[in-house]
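Scroll down for the structure; my scribbles are underneath it.
The values are calculated or read from the model by the stated rules, or taken from the named source; none is laboratory data. Please read all numbers here as calculations on a predicted model, not as lab measurements. Using ideal geometry, Cβ is built from the backbone for each residue, glycine included, and neighbour counts are taken over all protein chains shown. The accessibility values were calculated without ligands, DNA or RNA, using every heavy atom of the protein model including side chains. Shrake-Rupley method; radii C 1.70, N 1.55, O 1.52, S 1.80 Å.
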Amino acid sequence: PAPLFPRLQNDSWGKQYSHALFKAMSHMLCIGYGQQAPEGMTDVWLTMLSMIVGATCYAMFIGHATALIQSLDSSRRQYQEKYKQVEQYMSFHKLPGDTRQRIHEYYEHRYQGKMFDEENILGELSEPLKEEIINFNCRNLVANMPLFANADPNFVTAMLTKLRFEVFQPGDFIIREGTVGKKMYFIQHGVVSILTKGNKETKLSDGSYFGEICLLTRGRRTASVRADTYCRLYSLSVDNFNEVLEEYPMMRRAFETVAMDRLDRIGEEQPLGPAWAASAPVP
């Protein structure tokens, strides 16, 4: 039979194989019969087989390429999927526009476009690795807070492992006067105002903490605290607070000293309970 490409009969094997590869790929990748229609039944079946193989390879390529692109930034994709659910939730409940905007801004500041299952990730690590990561993540907080800078490193680590990260927006009341306190807060970044009954206003910023008075007195909040800017805080529950201070009783005195000073400025005479009496110096 006459050759399909008579002009290639005397060419080098490189050119011959290149044209043969081109013809094969035209069958497989174009998902058709290529440049020349099949003539016999053998050609028909071989062409259909090449079309099936080509379609399968194409589908596999697209699938792997899509998976690769998604895996390059899985945390951003997870955030986008989560926020789509939030948008659908807001739409379903017909929330007002200003509330939706505040929720949107909260998510932007809280997660910054990426979402991780941090609790699960840290839970799978060994204790030394977990403590190392937490200390690194909270390095700015430790550096800016005199309480931590001059404290026992073991106390700092014990405290940091029990902190929970929270974000508040301008105008949010982090603490309301008269409520039962279950947390204290450490300011990583932001400015808050302490508001008292006498309309006194005290500003606290990076490296400060508040809310410890209620945990020490086991009473109700003696003042309100309002966020003036976007605040990135770490909260500590009352149970974890007492658990850590039981192991480091000297640090309780540091908290009580600050608490007494704040109570004096607020103008309230509220005892700090048995814990304060046990740790107060004997006259």
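Quick look at the numbers
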item: Rg/Rh for the range 92-189, where both radii come from Cα atoms and Rh is the Kirkwood radius; result: 1.03
item: For the range 138-268, with +1 on Lys and Arg beta carbons and -1 on Asp and Glu, the positive-most of 178, 150, 258 along the dipole; result: 178
item: Under 27 Å from residue 203, Cα to Cα: lysines that are on another chain or at least 8 residues apart; result: 162, 182, 183
item: Inverse of mean 1/r across different Cα pairs in the range 164-252, Kirkwood, Å; result: 13.3
item: Nearby lysines by direct alpha-carbon distance to residue 23 (threshold 28 angstrom, same-chain neighbours under 8 apart not counted); result: 15
item: The range 138-268, accessible area per residue, ligands and nucleic acids excluded (1.4 Å, Å²); result: 46
item: Lysines whose Cα lies under 28 Å from that of residue 94, excluding same-chain neighbours fewer than 8 positions away; result: 82, 84, 114
item: Solution diffusion estimate, µm²/s, Stokes-Einstein, the range 187-227, Kirkwood Rh from C-alpha pairs, 37 °C, viscosity 0.692 mPa s; result: 302
item: Cleavage-rule hits (GluC sites (Glu not before Pro)) in the range 120-215: DSSP loop, at most 13 neighbouring Cβ within 10 angstrom; result: 124
